[in-house]
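Structure, as structure tokens:
Just so it is clear, none of the values below were taken in a lab; they were calculated from the coordinates. All values derive from a computational prediction rather than experimental measurement. For neighbour counting, all protein chains shown are included, and Cβ atoms are generated from backbone atoms with ideal geometry for every residue, glycine included.
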Amino acid sequence: MRPGASPRRTAGRFDAGPNGDLGLYLHVPFCASICNYCNFNRGLLDRELKRRYVAALAAEIARAGDGSAADTIYFGGGTPSLLAPPEVARIVDACREAFAVRPGAEVTLEMNPETVTVDYVSAVRDAGVTRLSIGVQSFDDRELARLGRGHSADGAAGCDDVSLDLMLWLPAQRRGECAASVDRLCALAPDHASLYLLEVYPNAPLRDEMARSGWSQAPDDDAAAMYLDALARTDAAGLGQYEISNVARPGRRSRHNLKYWQDGEWLGFGCGAHSRRGGWRWRNVSETARYVDAVARGETTAQERRTLPSAERLGDALFMGLRLTEGIDLGAIRGRYGVDVMGRYGVRLQSFLDAGLLAADAERLRLSRRGMLLANEVMQAFV
């Protein structure tokens, strides 16, 4: 808790739900510029709309609060670091007022390197932030320019004590250039890193820019080699893989994201945010101004609220659990859903087991590192 914050909920009861404590996701849709590869719900910064949005976010949180236990808070975006530290503090305090946020909760703020200053980081830590996730994406200025990123490699290298995001398989990127970016990431000795193969969405401006400029991504075999080489380099740097795209030092895994991968529950606040709780799933209205107006009028912001059939909940648990290096806990699935995974899906999975893409024992089913490259194909066995 930051100095001066209210203790009303933090001193309250901590009743975890059947799937553990809640995670609280807070969407901040504003960006200083639009990256040409991005497919998230975002828009250019409007300071007056941001002021109203922060008030709406705090109001939505207050309206939803029921004192349930929560142990993670995650500011995602967009660019949450466009929030002023007092705005971050207001939202964190709203969470603590509305929910029983545990002492030692993980509070993550996503940042872009160009927004990082010593004073800002100090101020948001005072506001309650315990973890920074910085979207570096590349350490090569030419690659950053192709992605429309607003920082240089030197600026990215000034960050430490954070989780870093790095993209692989960028337009016109060669294996050696990818390896150099991974090495620079490792040299910063972060506690956590996310390594993503770039996906060029059909509606992303990057697709058109690639066509105009004659850029292309390397063949799929090169993408696989970049991925496996990146993991070998992070392994050697003490960052152990725990999920398809994520590596961390011991005790530094993303506790919030583990809720998605371990069949947990979370509440999403802000425009376009998704929630899953008590067998229900819903999402908020996507348009920022419409969201703000709905909260101001006291109207619901939720759309597409529906119950999750048991089969869909099981499918989610299998799909997401298989992303983890520890794989699916077969006993937990049997206890929660009454399903013998190998009994139901074993025939479909056998070819993947024979090919070494999957490994199974009495307790767990997991992907091999090579199998992670074909995870989508393997997961189709559960459909």
Distance between the stretch 280-351 and the stretch 170-189 - C-alpha centres, whole angstrom:
34 Å
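Beta carbons within 10 angstrom, averaged per residue: use that to sort the peptides 95-105, 342-352, highest first.
Highest to lowest by the protection proxy: 95-105, 342-352.
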From the backbone phi of the stretch 326-341, what are the Karplus-calculated ³J(HN,Hα) couplings (6.51 cos²θ - 1.76 cosθ + 1.60, θ = phi - 60°) in whole Hz, Gly and Pro given as x?
6, x, 8, 7, 5, x, 5, 5, 5, x, 7, 10, x, 10, 8, 4
Find how much the distance from E287 to A172 grows on full extension, using 0.36 nm per residue of separation minus their present alpha carbon separation; answer in nm with one decimal.
38.0 nm
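Length gain on complete extension for the stretch R249 to E199, per 0.36 nm per residue less the alpha carbon to alpha carbon distance?
15.4 nm
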Rough spin-label spacing in nm, given labels placed 7 Å along Cα→Cβ, for D126 and A296:
3.1 nm
If a paramagnetic tag sat 7 Å from the Cα of A332 along the Cα-Cβ line, which residues of the stretch 304-324 would have the backbone N under 13 Å from that point?
317-324
According to a simple spin-label model (label point 7 Å from Cα along Cα-to-Cβ), what is the distance in nm between A187 and D221?
3.1 nm
What FRET efficiency would be calculated for the residue pair L228, S310, taking the C-beta separation as r and a Förster radius of 56 Å, to the nearest 0.05?
0.95
Calculate the spin-label point distance for R47 paired with T117, positioning each point 7 Å from the Cα along the beta-carbon direction, and give it in nanometres.
1.4 nm
